[in-house]
Amino acid sequence: MNEAHWGLLVAAYLFLAGAGAGTVFISGYYVLSDRIKQDSQRQLACYSAIAGSILLMIGTTMIILDLTTFRAGIVEFDLDKFFRFINFFKTFRTSSIMSMGSWLVSLAIGASTVYVLAFFKQLPFHKYLRPLAAINMLFAIGVSSYTAFLLGDITHNFVWSSSILVTIFMISALSAGLAVVLLVKTIIRAPSEPNQAFEKVDALTLTLELILLLIFTYSIYSLSGFNGIDFPLAISSKAGLLWFFGVIGLGLLIPLALNLKAVLTRTALSHSKEYLLSIAVLTGGFCLRYAVLLAGQYH
């Protein structure tokens, strides 16, 4: 069994970057689909953009905090080690996924900040709101897929190198983004969309994610048997508990049941259920990254 080197901070980085990207993506969709003609939807898109941008920043902070040199700089009060993380952003190496990702996330943070400013009519950026929304949606796709490519760059690891992991992380980022937008909508008391449109999209996204996760689970199980090693997502392991209870149970099945009930009965979710759904999806999204990290290191 290998020692785990990537833990909670890296999982938080992968999750927050994905959730931030997904939130900005949905905000951009609201702008490009002209939903922001309604003041309440414009407010929702603006606050969602702010939330997505903040999540991207916090996520980047997590990966910096995980750096050994950064922590050593704090403990030893060594400014050289403390600021060594800046080197990530001073060089660009096309041969390094980490280097390209650092630049991609940095550019995404910058673009999302300008995008947030564009919501304010008194600022010159305002007339570029729609093109900025489109640009940020592209950055969101890049960031959400990069987090999976970062793991896939590790060779000789059949968990992290699974080709379906990129799609899972992208769908999970979208799902987390929907949860953040729903959380924002509930907090600012924005009106629900007619015909349970939001719940339908959320239910479809969660269903797709559930199918992908089942395929991924089966493929890892098959490869484990083929290679004669223990199943890294076995329920007897920490990764397995997170996977089956945190990701599939809490993060997918409970939110999916809430959404399906709202759609089938044609009734809007209460605020308490909206909070429950959002928190469950976000917790499941974090558990997904953490379980994948652990499963890839313990086999």
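All of (1) of a type outside the set (A, V, I, L, M, F, W, C); (2) farther than 20 Å from Phe286 by Cα; (3) touching a Phe, Trp or Tyr at 6+ places or on another chain (Cβ under 9 Å) hold for Asp78 with one exception: (3).
Considering the range 46-106, the qualifying helices (runs of 4 or more DSSP H), each wholly inside and each with 3 or more residues that are farther than 28 Å from Trp160 by Cβ, run over 68-75, 79-82.
Got at least one residue in the range 61-73 being crowded, with 16+ Cβ neighbours inside 10 Å and either modelled with pLDDT of 85 or more or in contact with a strand residue (DSSP E or B) (Cβ under 7 Å, 6 or more places away or on another chain) (or both)? The answer is yes, given that some residue of the range 61-73 is crowded, with 16+ Cβ neighbours inside 10 Å and either modelled with pLDDT of 85 or more or in contact with a strand residue (DSSP E or B) (Cβ under 7 Å, 6 or more places away or on another chain) (or both). Scoring Thr23 on the criteria (1) at pLDDT 95 or above; (2) open to solvent by 10 Å² or more (accessible area, probe 1.4 Å); (3) not acidic (Asp, Glu) leaves a single failure, condition (2). Go through the residues of the range 276-295 one by one and say whether even a single one is more than 16 Å from Ala176 (Cβ to Cβ) and out of contact with any Phe, Trp or Tyr (no Cβ under 6 Å at 6 or more places or on another chain). Yes, the conditions are met somewhere in the range 276-295.
The values are calculated or read from the model by the stated rules, or taken from the named source; none is laboratory data. Everything numeric here is computed off the predicted structure, so don't read it as measured data. Cβ sites come from the backbone with ideal geometry, for glycine too, and all protein chains shown count toward neighbours. Areas reflect the complete protein model, heavy atoms only, side chains present, ligands, DNA and RNA absent. Shrake-Rupley method; radii C 1.70, N 1.55, O 1.52, S 1.80 Å.
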